[in-house]
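Participant: Could you have a look at this structure, given as structure tokens, before my questions?
The values are calculated or read from the model by the stated rules, or taken from the named source; none is laboratory data. Since we're looking at a predicted model, the values are computed, not measured. A quick note on method: Cβ atoms are made from the backbone with ideal geometry, for glycine too, and the neighbour counts reach across all protein chains shown.
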Amino acid sequence: MDLSIITATVAVIVAIIAFGQWLNSRNQLKLSLFEKRYAIYEKVASYLAEALQNGRIAVGADIEFLRDTKRVHFLFSGDPVIKSLISDIYKKSVELHCLQQEEQSVSGEERSKNIEKQRIIKNWFDSSLNNLEAMFDEYIKLEH
């Protein structure tokens, strides 16, 4: 057998193996990114669900939420919708927590206004939770 045919055959085999390794590495990167993005999605969903279920923001939960979602900008390619969602959840959580603390010390019309503001925030949380999947949809797919 001619040496040039053997060399060409080996080169083709090496190229096929290299291409397969490249595909495998690319898929591993996609999987890793998916897992990190899905963890953020789950954190947001569970935070909103817990706030709605309990009707309150536990002391320190808002800071923990912010800490757990700090990588959003990098994981979601700087998507302004996702970044804004996280920021709005945090701001509304702080506002709700303040309103709930204030509720104890007000009465009459002020208390009614306070409760109405809380209801508006909780409705926003509910709406955000219901739309969460659509917001994250393009990022939590494993496509090949």
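Participant: Please find, among ALA58, ALA45, ALA49, the residue that is at pLDDT 95 or above and either farther than 20 Å from LYS141 by Cα or in a loop (DSSP other than H, G, I, E, B) (or both).
Facilitator: Values: ALA58 fails: at pLDDT 95 or above; ALA45 fails: either farther than 20 Å from LYS141 by Cα or in a loop (DSSP other than H, G, I, E, B) (or both).
From the options ALA58, ALA45, ALA49, the qualifying one is ALA49.
Participant: Taking the conditions exactly as written (surrounded by 14 or more Cβ atoms within 10 Å (Cβ to Cβ) and over 24 Å from ALA39 (Cα atoms)), does GLU102 satisfy them or not? Quick ask: steps written out before the conclusion?
Facilitator: Working: surrounded by 14 or more Cβ atoms within 10 Å (Cβ to Cβ): yes; over 24 Å from ALA39 (Cα atoms): yes.
In short, yes.
Participant: While we're on this one: Which pairs have Cβ atoms under 9 Å, sit 6 or more apart or on different chains, and link a residue in segment 67-78 that is without any contact (Cβ under 8 Å) to a residue 60 or more places away in the chain and surrounded by 11 or more Cβ atoms within 10 Å (Cβ to Cβ) to one that is in a loop (DSSP other than H, G, I, E, B) and of a type in the set (Asp, Glu)?
Facilitator: Filtered contacts from segment 67-78: VAL72/ASP79; HIS73/ASP79.
Participant: Suppose we keep only residues that are over 14 Å from the mean Cα position of the chain (by Cα) and free of Cβ contacts under 8 Å to residues at least 24 places away in the same chain within segment 43-58. Which one would you say is nearest to SER32 (Cα to Cα)?
Facilitator: GLU50
Participant: Quick check, is ILE6 modelled with pLDDT of 90 or more, farther than 24 Å from ILE82 by Cα and either touching a strand residue (DSSP E or B) at 6+ places or on another chain (Cβ under 6 Å) or aliphatic (A, V, I, L, M) (or both)? First the steps, then the outcome.
Facilitator: Values: modelled with pLDDT of 90 or more: no; farther than 24 Å from ILE82 by Cα: yes; either touching a strand residue (DSSP E or B) at 6+ places or on another chain (Cβ under 6 Å) or aliphatic (A, V, I, L, M) (or both): yes.
When the stated conditions are applied, ILE6 does not pass them.
For every residue, the table says whether it meets (1) of a type in the set (Ser, Thr, Tyr); (2) within 17 Å of LYS36 (Cα to Cα); (3) touching a Phe, Trp or Tyr at 6+ places or on another chain (Cβ under 9 Å).
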site: ASP62; (1), (2), (3): no, no, yes
site: PRO80; (1), (2), (3): no, no, no
site: SER84; (1), (2), (3): yes, no, no
site: ASN131; (1), (2), (3): no, no, no
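Participant: On to the next question. Does segment 64-91 hold any residues that are of a type in the set (D, E, K, R) and touching a Lys or Arg at 6+ places or on another chain (Cβ under 9 Å), and which are they?
Facilitator: Residues of segment 64-91 that are of a type in the set (D, E, K, R), as a first pass: 64, 67-68, 70-71, 79, 83, 88, 91.
Correct list: ASP68, ARG71.
Participant: Looking only at segment 118-144, how many residues end up being surrounded by fewer than 16 Cβ atoms within 10 Å (Cβ to Cβ), touching a residue at least 12 places away in the same chain (Cβ under 8 Å) and more than 20 Å from the chain's Cα centre (by Cα)?
Facilitator: 1
Participant: Of the residues SER77, SER93, SER84, only one is in contact with a helix residue (DSSP H, G or I) (Cβ under 9 Å, 6 or more places away or on another chain), farther than 19 Å from LEU52 by Cβ and of a type in the set (Gly, Ala, Ser); which?
Facilitator: Numbers: SER93 fails: farther than 19 Å from LEU52 by Cβ; SER84 fails: in contact with a helix residue (DSSP H, G or I) (Cβ under 9 Å, 6 or more places away or on another chain).
The conditions single out SER77.
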